[in-house]
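Below: the structure, in structure tokens.
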Amino acid sequence: MMGLLLKPVAYNKQVMAKAERFLTGFICVVFIIFIALADHCLAYKDYQERVTEHTLKNGIRLIILSDHSAPVVSFQVHVDVGAVNERVGETGIAHLLEHLAFNGTQVIGTKNWKDEKKALAKLDRIHKKLLMAKAEGENTQRLEEEFEEARLAADRFTRTNEFGQILERAGAIGPGAYISYDFTCYWVELPSNKVQLWALLESDRLLNSVARGFYQELKVVKEERRMLVDNSPWGRLWEEFRAIAYKAHPYGNPIIGHMSDLENMTRDKIRSFYEKHYTPCNIIVAIVGDVEPERLIPKMEKYFGRFPVKDRPPSVITVEPVQASERKVTVEIKAEPILIIGYHTFKATHPDRPMLRIVAEILGGGRTSRLYERLVKKEKVAIDVGSWSWAPKYPGMFYLWGMASKGHTNQEVERLIYEEIERLKKELVNVTELEGAKARVRTEFIRGLKSRRGIARELAWYEAVTGDWRNMFKELEKVEKVSEEDIKRVVNNYFFSQNRVVGMVEPKL
């Protein structure tokens with residue numbers, strides 16, 4: 001690169017001086033980035049040696065990383081249950097349970113649990129009658145009025161958001177929660193002198209949740225579904241796409257749940273799901289911050305050791321059959337064209353995972369990617385494109401997507417994407433492009449670990465999904481080893497028409 005820059009200006013001193021200043025600046029910037037990344041890598045390697053792992057007698061796994069740089073601790077509770085564990089007729093239950101998680105226990109969030117429990121039981125009985133009446137097509141007006149009266153009566157015992165208020169007064173950031181197909185996570189950050197408070201509250205919340213506010217949260221989730229799926233072109237396409245991509249495996253179900261399943265959800269179903277999956281052997285707690293493991297572990301034994309030992313819930317045994325031919329779905333609605341292409345791939349522990357992460361960067365990773373350069377900048381057939389390699393607990397997919405620009409079609413976008421894939425199949429990617437993609441993957445990975453919360457999240461995920469938190473520290477080494485030949489091989493192995501799923505939103509005329 002230096003030679004190319006200097007050669008045309010060899011006889012022009014003024015331009016030469018500018019080029020030298022530019023190169024000096026460029027080299028400085030590269031050097032600073034290199035030093036910053038190297039510092040991060042050293043610190044990140046150093047982290048591994050500071051991790052303590054411990055398993056409580058009941059099976060709860062602890063991953064503790066001491067970091068005394070600030071008097072703050074990040075807590076991450078990773079429960080090994082998500083939408084993939086839901087049964088037919090109960091889709092959306094894991095997500096709904098996550099909504100209910102902060103509504104309190106028999107102690108927190110209530111003015112009088114004994115009377116509230118009776119009020120909730122009455123409410124549940126009326127709700128069941130209401131569901132039966134609806135199923136029979138009967139007039140439900142009287143029952144609905146009775147239900148509303150009972151709901152208001154139960155609400156009188158509630159201390160709204162008491163759990164969150166206690167944490168807020170203690171100086172918390174959060175609490176928060178999120179869910180995926182494979183897991184449900186709860187997080188909060190607190191001053192390090194509040195560890196015992198957190199252990200008391202969190203263990204009580206996990207052990208004694210009463211699903212308070214169930215009917216209000218159910219209403220919120222149904223509205224969420226209408227907004228994000230039923231009235232969203234992306235949401236509707238995504239749901240249809242996954243339904244044909246996974247015909248047998250539960251990855252084909254929507255995380256938010258089918259509306260009919262939500263309409264028939266009950267507190268009994270929630271309790272049953274909770275008791276089955278929120279078991280000690282399904283829980284990983286990652287703690288990162290100003291803590292001493294030898295002082296923390298006895299506290300964890302005291303509070304989290306109260307959980308009774310239970311059998312591990314059964315794993316998902318359904319395996320998605322190999323596709324016999326390409327699958328396609330089209331959603332016709334009043335919206336701009338959208339295209340999603342997917343190829344079936346593998347689960348998180350597969351050795352090809354780093355290769356497809358690099359392929360995703362080369363094809364659709366930002367404005368310097370091949371698809372963006374060609375489809376958006378050069379051919380102008382799309383306003384946006386992207387790609388993503390999803391490797392979860394069970395076999396995932398490689399996704400590509402594009403949004404056609406005005407006057408252009410999904411078919412044009414699709415054709416050009418296939419042309420770029422064919423290029424990768426036939427030609428070796430050049431070293432500069434490969435190293436650039438690696439650098440972006442590396443930067444993104446390190447950026448994800450810049451906070452205590454990010455480290456706690458990743459430690460728990462690697463432990464749960466790959467079977468060992470140490471795999472987090474091997475990730476960059478695997479990325480560095482990816483070669484030009486690896487890229488060509490994996491693209492040829494996975495990107496073929498019989499393994500492909502295509503979904504489109506086509507404007508309804």
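A few remarks follow.
- 3J(HN,Hα) along the range 479-485: 5, 4, 7, 5, 10, 4, 5 Hz, from the Karplus curve 6.51 cos²θ - 1.76 cosθ + 1.60 with θ = phi - 60°, whole Hz, x for Gly and Pro.
- Amide H contacts of residue 73 (H built 1.01 Å from N, under 5 Å, at least 5 apart or other chain): 190, 192, 290
- Only helical runs count toward this figure. For the chain, summing -39,500 (n - 2.57) over DSSP H runs of n ≥ 4 and dividing by all residues gives -14500 deg cm²/dmol at 222 nm.
- Sequence-separation-based contact order of the chain, relative, with Cα cut under 8 Å and 6+ spacing, percent: 21
- Here the accessible area is traced with a 1.4 Å probe on the protein chains. For the chain, carbon and sulfur cover 55 percent of it.
- Column: log10 I(q)/I(0), Debye, Cα scatterers of the chain, q = 0.11 Å⁻¹: -1.10
- Mean Cβ count within 10 Å, highest first, over the residues of peptides 242-248, 304-310: 242-248, 304-310
- Assuming charge only on the beta carbon of Lys and Arg (+1) and of Asp and Glu (-1), the dipole of the range 239-312 about its Cα centre is about 280 debye to the nearest 20.
- For residue 345, the amide hydrogen comes within under 5 Å of the amide hydrogens of 396, 397, 398, counting only partners 5 or more places away or on other chains and with H modelled in the peptide plane.
- Additional length obtainable on full extension of the chain from residue 148 to residue 135, 0.36 nm per residue less Cα span: 2.7 nm
- Cross-link reach is defined here as a Cα-Cα straight distance under 16 Å, omitting same-chain residues fewer than 8 places apart; for residue 508 the lysines meeting it are 334, 406.
- The amide H of residue 333, built 1.01 Å from its N in the peptide plane, has 506, 508 as neighbours under 5 Å, considering only residues 5 or more places off or on other chains.
- For the range 294-352, the C-alpha radius of gyration sits at 2.23 times the compact-globule guess of 2.2 N^0.38 Å, with N the residue count.
- Ordering of 274-286, 228-240 by burial proxy (mean other Cβ atoms within 10 Å per residue, highest first): 274-286, 228-240
- The alpha carbon centroids of the range 474-492 and the range 178-199 are separated by 35 Å.
- Overall, the range 354-461 carries a charge dipole of about 540 debye about its Cα centre when +1 sits on the Cβ of Lys and Arg and -1 on the Cβ of Asp and Glu, all other atoms neutral.
- Relative to the longest principal axis of the Cα atoms of the chain, the long axis of helix 141-155 makes an angle of roughly 80 degrees.
- In plain terms, the bigger the Kirkwood radius, the slower the diffusion; for the range 145-232, with that radius from Cα pairs, at 10 °C and 1.306 mPa s, Stokes-Einstein puts D at 101 µm²/s.
- In this structure the chain gives 49 Å² per residue of accessible area when probed at 1.4 Å with all protein chains present.
- Spatial separation of Cα centroids for the range 362-416 and the range 437-461, in angstrom: 24
The values are calculated or read from the model by the stated rules, or taken from the named source; none is laboratory data. Note that this is a predicted model, so its numbers are computed, not measured. Neighbour counts run over all protein chains shown; Cβ positions are idealised from the backbone, glycine included. Heads up: the accessible areas ignore ligands, DNA and RNA and are worked out on the full protein's heavy atoms, side chains in. Shrake-Rupley method; radii C 1.70, N 1.55, O 1.52, S 1.80 Å.
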